[in-house]
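Notes follow once the structure below has been shown.
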Amino acid sequence: MPKLRGEAFWRETLRSAHYVVAPMVDQSELAWRLLSRRHGAQLCYTPMLHAQVFLRDANYRRENLYGDACPEDRPLIVQFCANDPEVFVQAALLAQDYCDAIDLNLGCPQMIAKRGHYGAFLQEEWDLLQKMNIDKTVKYAQMLEKAGCQLLTVHGRTKEQKGPLAGVASWDHIQAVRKAVSIPVFANGNIQCLSDVEECIRKTGVHGVMSAEGNLHNPALFEGRNPLVWEMAEEYLEIVRKYPCPLSYVRAHLFKLWHHTLQVYQQLREELAKVKTLDGIVDVNRELKLRCQEEIANQKEGEKPKEGLPFFHWICQPYTRAGPKERCRENGTEKSVRGKRTLEEEEDGNSELLSKNKQKKKLRNPNKSFDPSLKPKYAKCDQCGNPKGNKCVFNMCRGCCKKRAFKETADCPGHGLLFKTKYEKSLSWQHSQRGIQAPEISQRGEAEVGEMAMLKEAGDSTA
């Protein structure tokens, strides 16, 4: 069957999907994808997978894709981060039988992507991107289409817009890309409810709309419903029992689902953070449900949601992050609302921007310095840009070093790789074995010759 392209690929392989769950690190695992599909999602992505690790590590493949095979979980797109065309292709070949398409991440704006030299930080390297079949507004999108891209997702934000600086996505840019290319386009950004999805499709003309934060706070978003939080939480926990995943994923999902309620019941928030078993998480979820049901029973007629929420806190609803310069009133006074600090902010040496953990460490040890200028900068791997081993003989990270050492039959004591040593030991052992076996072979040969001579003599005497 010939490879489907463009519109035909979206229509037949992806079943004309309009409602899409985004790739989310540690959050779009199988159990969450199945929950989302039950409630209106038509297409899901895996979490972003590291192509190089996927290629070299069988356990990584099993834990993130191979072990999650499920007929209900289709159509499915596997997303990779990569910066080497060959590695990307080989990883895609290993994944192709377990999904319906392969996606390359060109949108991750986080510091880890900058260090690893992938995601949004590949946007300036068009030559490399073209080799890898892959997204800069209109010209960027057209270049990707020309390179072979069959489906494009446009986030409508720059790489600087992240965390509390995310802001509103530009649908005008998404619309411009949609008009400029002939391949299907998905939009991502500003999606908090089903009406946002419909408006985005109408304004931009895209084929589908992707949701991340909106989906995490309301997995029934694509159904146009705002269900009770405990209904979604209980259903998700039941799926997790059938398709287990790390407890950290489960806890993170409940923090999102119960976000507004946990502002009310702070003690249960702490319990959820400390619990170490799935049954323990189920117990916390049950207690949250009971507290909310008690609150509902004691509600006064005409009572309205507090804190400016559109619904009561026990109902699945959007959560909008406060920007860094926004103000809020508390006890009649104003205070600034700040989000998480980026690594760049901490690197300016301002102690006021230290994370809470570092502030606590500073209190315990006032002489401790967090000035990054006093710490050695990490050196990059010559091959992939990830941090290299300090004692690596090839100046590479362990993954690249292992690949080269194996290819060249070399040693790298810094990474504990001893391919040359083991090969030489193997040759020495084989040589010693040949030395032991040679006399035995010689003796057996002499015995056989003697035996043949005796048989010949017997034959001659008979004749």
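When ALA273 is tested against the conditions (1) loosely packed, with under 15 Cβ neighbours inside 10 Å; (2) part of a strand (DSSP E or B); (3) of a type in the set (A, V, I, L, M), the lone failure is (2). In the stretch 34-48, the residue that is farthest from the chain's Cα centre (by Cα) out of those that are open to solvent by 10 Å² or more (accessible area, probe 1.4 Å) and either closer than 18 Å to ALA92 by Cβ or of a type in the set (S, T, N, Q) (or both) is GLN42.
Only residues that are under 28 Å from the mean Cα position of the chain (by Cα), more than 25 Å from ASN215 (Cβ to Cβ) and in a helix (DSSP H, G or I): list them for the stretch 276-303, please. I'd like the intermediate steps shown before the answer.
The initial filter retains those residues of the stretch 276-303 that are under 28 Å from the mean Cα position of the chain (by Cα), namely 276-282, 284-285.
Going one step further and asking which of them are more than 25 Å from ASN215 (Cβ to Cβ), we end up with 276-277, 279-280.
Result: ASP279, GLY280.
Residues checked against (1) in contact with a helix residue (DSSP H, G or I) (Cβ under 7 Å, 6 or more places away or on another chain); (2) of a type in the set (Gly, Ala, Ser); (3) within 23 Å of GLU307 (Cα to Cα):
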{"residue": "VAL206", "(1), (2), (3)": "yes, no, no"}
{"residue": "GLU213", "(1), (2), (3)": "no, no, yes"}
{"residue": "PHE222", "(1), (2), (3)": "yes, no, no"}
{"residue": "ARG225", "(1), (2), (3)": "no, no, yes"}
{"residue": "GLU238", "(1), (2), (3)": "no, no, no"}
{"residue": "PRO246", "(1), (2), (3)": "no, no, no"}
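Which of the residues belonging to the stretch 256-268 are part of a helix (DSSP H, G or I) and closer than 15 Å to LEU228 by Cα? Steps first, please.
Quick first cut of the stretch 256-268, residues part of a helix (DSSP H, G or I) only: 256-257, 259-264, 266-268.
The answer is LYS256, LEU257, HIS259, HIS260, THR261, LEU262.
Given the options LYS325, LYS306, LYS360, LYS335, name the one that is part of a loop (DSSP other than H, G, I, E, B), surrounded by fewer than 12 Cβ atoms within 10 Å (Cβ to Cβ) and modelled with pLDDT under 85. Result of the check over LYS325, LYS306, LYS360, LYS335: LYS325.
Using the structure shown, decide if LEU455 is open to solvent by 90 Å² or more (accessible area, probe 1.4 Å), modelled with pLDDT under 65 and farther than 22 Å from GLN52 by Cα. Criteria met by LEU455. Out of all the residues in the stretch 213-228, is one or more buried (at least 23 other Cβ atoms within 10 Å of the Cβ), among the aliphatic types (A, V, I, L, M) and at pLDDT 95 or above? Yes, because at least one residue in the stretch 213-228 is buried (at least 23 other Cβ atoms within 10 Å of the Cβ), among the aliphatic types (A, V, I, L, M) and at pLDDT 95 or above. Hey, ASP382 hits all of (1) outside any helix (DSSP H, G or I); (2) open to solvent by 60 Å² or more (accessible area, probe 1.4 Å); (3) modelled with pLDDT of 90 or more but one; which does it fall short on? ASP382 satisfies all of (1) outside any helix (DSSP H, G or I); (2) open to solvent by 60 Å² or more (accessible area, probe 1.4 Å); (3) modelled with pLDDT of 90 or more except (3).
Of the residues making up the stretch 73-106, those that are open to solvent by 30 Å² or more (accessible area, probe 1.4 Å) and touching a helix residue (DSSP H, G or I) at 6+ places or on another chain (Cβ under 6 Å) are PRO85, GLN90, ASP100, ILE102. Only one entry of ALA22, ALA69 meets the criterion of being on the phi < 0 side of the Ramachandran plot and open to solvent by 10 Å² or more (accessible area, probe 1.4 Å), and that entry is ALA69.
Of the helices (runs of 4 or more DSSP H) entirely within the stretch 83-147, those holding at least 2 residues that are at pLDDT 85 or above occupy 85-95, 137-147. Of the residues making up the stretch 3-51, just one is at pLDDT 95 or above, assigned to a loop (DSSP other than H, G, I, E, B) and among the basic types (Lys, Arg), namely ARG15.
The combined condition, being modelled with pLDDT of 75 or more, open to solvent by less than 100 Å² (accessible area, probe 1.4 Å) and of a type outside the set (Gly, Ala, Ser), is fulfilled by ASP411. In the stretch 149-192, the qualifying residues are those that are open to solvent by 30 Å² or more (accessible area, probe 1.4 Å), within 24 Å of the chain's Cα centre (by Cα) and modelled with pLDDT of 90 or more, and the one that is nearest to PRO310 (Cα to Cα) is GLN192.
The values are calculated or read from the model by the stated rules, or taken from the named source; none is laboratory data. Bear in mind the structure is a predicted one, so any value in this text is a computation, not a measurement. Every residue, glycine as well, gets a Cβ built from its backbone with ideal geometry; the counts of neighbours run over all protein chains shown. Note: areas computed on protein heavy atoms with side chains; ligands, DNA, RNA excluded. Shrake-Rupley method; radii C 1.70, N 1.55, O 1.52, S 1.80 Å.
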